[in-house]
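**Q** Got a structure here, written out as structure tokens. Questions coming.
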Amino acid sequence: MTTNRHIALLSALVVLCMALLAPAPARAADETAAAFFQGKQVRFYTMGSPGGGYDTYMRALVPHLERRLGARMLPTNEAGAGGLIAVNRTVNSPPDGLTILLVGGETLVTAQLYESPGVNYDVRRLTWLARLSSESKVALLGPTSPYARVADLVKSDKPVTWAGSGKIDGNADFTAIMAHALGIKSKIITGYKGTADMNLAIQRGEVDGRIVSEESAALYGPSNGMRVVATLARQRVEQFPDAPTLFEAAELSPAAARLIDWRAGIAGLGRLMLVTPGTPQDRVELLQKTFADIVRDPTFIAEAKRLSLSANHAGADEVRAMVERAMTTLDQAGLAEMRGIALERYYH
């Protein structure tokens with residue numbers, strides 16, 4: 001009996017010791033990664049120009065990241081080439097975890113799908129940290145534009161003019177796809193330096209409007225007399241509940257509906273965070289956990305809402321799955337057709 005009790009006690013002690021010792025390597029890795037970031041400077045790139053939605057989101061994250069990591073963030077705007085400059089700077093930085101990027105997932109995906117020059121990455125091999133928010137695109141018109149509804153755009157004999165920074169800026173190509181799907185006579189004018197430049201052009205009446213994320217439209221649209229006339233998705237958005245979807249505002253053929261659904265799905269990738277590929281796994285995991293903790297924090301969620309932003313976290317595995325779907329939905333013939341529409345048809 002005594003022997004049995006001794007055996008049972010010994011077994012319990014063995015199990016306890018194993019439980020205590022098993023997570024030790026993981027704890028050590030976490031502690032090593034956490035110690036690495038203490039006092040370091042982290043270059044935080046975004047594709048957004050100052051004052052835009054990506055810039056606002058980046059700056060909202062900075063104090064939370066600094067507090068949790070013990071590192072100093074260096075926010076850096078790289079709006080050129082539709083975000084490709086920021087992407088290439090990040091993927092070509094030393095793989096030490098000290099360079100991170102906030103970027104539109106659709107920019108990364110469409111640039112590769114459209115075989116755009118300057119794409120020096122494979123989107124399926126990037127090191128994801130998180131999705132911060134998902135977003136739908138909206139059609140935003142300026143105060144001097146004569147169009148009030150989608151029906152007015154469709155009926156116009158005069159080309160509707162749209163602003164873009166580049167053909168792969170995440171908005172201009174969707175503008176072209178929308179114009180094709182609805183049969184809107186359109187002219188897309190690219191070359192604007194960023195959000196502020198395009199907004200000024202809209203307010204001056206140089207162009208009628210632009211396609212932009214719902215968050216960005218909420219940030220600067222209403223305060224500047226701009227109007228959202230439609231959401232480019234199946235569901236209306238919280239920011240502009242009175243704006244109809246394209247599917248409500250116009251009759252779309254099955255083929256046109258498929259095009260909008262495909263492109264809206266890519267837009268739904270939202271705002272993504274990534275780190276330089278090759279970064280040590282313990283640092284990657286610490287950054288992933290840090291972003292998850294921040295974006296799920298009620299304090300940050302409330303702060304984002306005050307800034308007309310949203311916080312809707314998805315982890316790295318979910319991001320990888322969404323990217324894979326976006327990259328494989330269309331066959332080669334379908335992609336060739338999209339390239340012609342998105343990159344050639346409406347630019348003058």
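The values are calculated or read from the model by the stated rules, or taken from the named source; none is laboratory data. The structure presented is a predicted model; accordingly, all values stated were derived computationally and were not measured. Don't worry about glycine lacking a Cβ; one is built from the backbone with ideal geometry, like all the others, and counts go over all protein chains shown. Each accessible area value is taken on the protein alone, full model and side chains, heavy atoms only, with ligands, DNA and RNA left out. Shrake-Rupley method; radii C 1.70, N 1.55, O 1.52, S 1.80 Å.
**Q** Quickly run through the stretch 139-180 and pick out the residues that are in contact with a Ser or Thr (Cβ under 8 Å, 6 or more places away or on another chain) and assigned to a helix (DSSP H, G or I).
**A** Residues satisfying the conditions are ALA172, ASP173, THR175, ALA176, ALA179.
**Q** From (1) in a helix (DSSP H, G or I); (2) crowded, with 18+ Cβ neighbours inside 10 Å; (3) of a type outside the set (A, V, I, L, M); (4) modelled with pLDDT of 95 or more, pick out the condition that doesn't hold for PHE44.
**A** PHE44 satisfies every listed condition except (1).
**Q** Another question about this same structure. Among the listed residues GLY221, GLY170, identify the single one that is more than 30 Å from ASN92 (Cβ to Cβ), modelled with pLDDT under 95, buried (at least 24 other Cβ atoms within 10 Å of the Cβ) and touching a strand residue (DSSP E or B) at 6+ places or on another chain (Cβ under 7 Å).
**A** Answer to the check: GLY221.
**Q** For the stretch 183-215, give me each residue that is in a helix (DSSP H, G or I), in contact with a helix residue (DSSP H, G or I) (Cβ under 8 Å, 6 or more places away or on another chain) and more than 16 Å from SER145 (Cβ to Cβ).
**A** Within the stretch 183-215, THR195, GLU215 meet the criteria.
**Q** Quick one: count up the residues across the stretch 183-203 that are buried (at least 23 other Cβ atoms within 10 Å of the Cβ) and in contact (Cβ under 8 Å) with a residue 40 or more places away in the chain.
**A** Matching residues across the stretch 183-203 total 3.
**Q** Sticking with this one: Considering only helices (runs of 4 or more DSSP H) fully contained in the stretch 249-348, which possess at least 2 residues that are closer than 29 Å to MET73 by Cα, free of Cβ contacts under 8 Å to residues at least 24 places away in the same chain and open to solvent by less than 50 Å² (accessible area, probe 1.4 Å)?
**A** The helices (runs of 4 or more DSSP H) meeting that bar number zero.
**Q** Within the stretch 216-233, which residues are in a loop (DSSP other than H, G, I, E, B) and touching a Leu at 6+ places or on another chain (Cβ under 9 Å)?
**A** GLY221, MET226, LEU232, ALA233 - these are the residues of the stretch 216-233 that are in a loop (DSSP other than H, G, I, E, B) and touching a Leu at 6+ places or on another chain (Cβ under 9 Å).
**Q** Is one or more of the residues making up the stretch 117-131 within 25 Å of ILE211 (Cβ to Cβ), in contact with a Leu (Cβ under 7 Å, 6 or more places away or on another chain) and in a helix (DSSP H, G or I)?
**A** yes
**Q** Report yes if some residue within the stretch 258-273 is over 22 Å from the mean Cα position of the chain (by Cα) and modelled with pLDDT of 95 or more; otherwise report no.
**A** For the stretch 258-273, residues over 22 Å from the mean Cα position of the chain (by Cα) and modelled with pLDDT of 95 or more: absent.
**Q** Now for a separate question. In the stretch 58-89, how many residues are closer than 23 Å to HIS313 by Cβ and either at pLDDT below 95 or in a strand (DSSP E or B) (or both)?
**A** 5
**Q** Mind telling me which of the residues GLU206, GLU238 ends up being farther than 27 Å from LEU330 by Cβ, open to solvent by 50 Å² or more (accessible area, probe 1.4 Å) and at pLDDT below 95?
**A** On inspection, the qualifying residue turns out to be GLU238.
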